[in-house]
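Enquirer: Got a structure for you, questions after.
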Amino acid sequence: MKNIAIIPARGGSKRLPNKNIKSFFGKKILERTFLITKKSRLFHKIVLSTEDNKIKKIGKKIGFDVIWSRPKKLSNDKTKTIDVIKDFVKKNNLSPLDNICCIYPCNPFLDIRDLKKCLKILKSNKENFIFPITNYTHPIQRSFTLKLKNKVKFDYPKNVNKNTQLFKKRYHDAGQFYWGKSKEWKKKKSIQDNGIGHIIPLYRAVDIDDHDDWIKAKYLFLGKKKLDKSVLQ
């Protein structure tokens, strides 16, 4: 039984072009994720899955164990993460009990402790996917949409005058990684459905999809560095 990390990094990001290889405080963000993954010492192999030749060259330079050429049909905006991992698992004759961890490339707040805790959970929940989750900053029961000229329309009118503390916490995928058995990656159609969530704090959860996310990540990263330094003093 092996632990294998697969980092999917396609080249066609539209909301934030080339986000997987953008420089993040002196290192390409893909490299930062690779270094944290390697430092964990959890994995027998760290795989880069991409269709992009430029990312392949960068991946080789960074030091990935395997550069997996992803099919073009699995490299568009509508491609599901689970299908990308299935592609590698099915074509590489892995043991059904191998532990596969899909780790997103734009992941400056990836924490080795979370990787280890989720792997431990996986060992006793072999038929589930395990992944980090975090709570919404504001109750989604008080959400609203915008109509013409930015007029507000509440999605749940009955909740308009209710205090926020009355609502139960709701959670969402933190967008960092997913642990699962090889056999589960092969047969399941969804990662999150019936998965097991590992709660992480908001300050360690930034799912980078667009420019605003990128700037937010930079602010939090700088703040974390200052906080870590002050704690050590």
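The values are calculated or read from the model by the stated rules, or taken from the named source; none is laboratory data. Nothing here was measured: the structure is a model prediction, and the numbers come from that model. Every residue, glycine as well, gets a Cβ built from its backbone with ideal geometry; the counts of neighbours run over all protein chains shown.
Enquirer: Hey, could you check segment 164-192 for residues that are polar (S, T, N, Q) and under 22 Å from Asp207 (Cα atoms) and say which is modelled with the highest pLDDT?
Expert: Gln176
Enquirer: Need pairs with beta-carbon distance below 7 Å; first residue closer than 27 Å to Val206 by Cα and within segment 136-163, second hydrophobic (A, V, I, L, M, F, W, C) and part of a loop (DSSP other than H, G, I, E, B); sequence gap 6+ or separate chains.
Expert: What qualifies is Pro139/Phe167; Gln141/Phe167; Phe154/Val160.
Enquirer: Still on this structure, I have one more. Consider Ser75 carefully, then state whether it is of a type in the set (Gly, Ala, Ser), at pLDDT below 95 and within 20 Å of the chain's Cα centre (by Cα).
Expert: So Ser75 fits the description; yes.
Enquirer: Residue by residue through segment 192-212, note down the ones that are surrounded by fewer than 19 Cβ atoms within 10 Å (Cβ to Cβ), in contact with a helix residue (DSSP H, G or I) (Cβ under 9 Å, 6 or more places away or on another chain) and part of a loop (DSSP other than H, G, I, E, B).
Expert: Listed by number, the residues that qualify are Asp207, Asp209, Asp210.
Enquirer: Further, regarding this structure: Kindly check whether there is at least one residue in segment 25-33 that is aromatic (Phe, Trp, Tyr) and surrounded by 14 or more Cβ atoms within 10 Å (Cβ to Cβ).
Expert: Within segment 25-33, not a single residue is aromatic (Phe, Trp, Tyr) and surrounded by 14 or more Cβ atoms within 10 Å (Cβ to Cβ).
Enquirer: Is it the case that segment 12-21 has a residue that's of a type in the set (Lys, Arg) and over 23 Å from Phe221 (Cα atoms)?
Expert: yes
Enquirer: Let me ask you something else. If you check Ser95 against the conditions, is it closer than 24 Å to Asp193 by Cα and polar (S, T, N, Q)?
Expert: The answer is yes for Ser95.
Enquirer: If Ala174 passes every condition in (1) surrounded by fewer than 15 Cβ atoms within 10 Å (Cβ to Cβ); (2) under 23 Å from Gly223 (Cβ atoms); (3) of a type in the set (Gly, Ala, Ser) but one, which one does it miss?
Expert: Exception for Ala174: condition (1).
Enquirer: Have a look at Lys73, Lys86, Lys91, Lys123 and point out the one that is in contact (Cβ under 8 Å) with a residue 40 or more places away in the chain, of a type in the set (Lys, Arg) and out of contact with any strand residue (DSSP E or B) (no Cβ under 6 Å at 6 or more places or on another chain).
Expert: Residue meeting the stated conditions: Lys86.
Enquirer: Any idea how many residues of segment 167-191 are in a loop (DSSP other than H, G, I, E, B) and within 16 Å of Lys116 (Cα to Cα)?
Expert: 1
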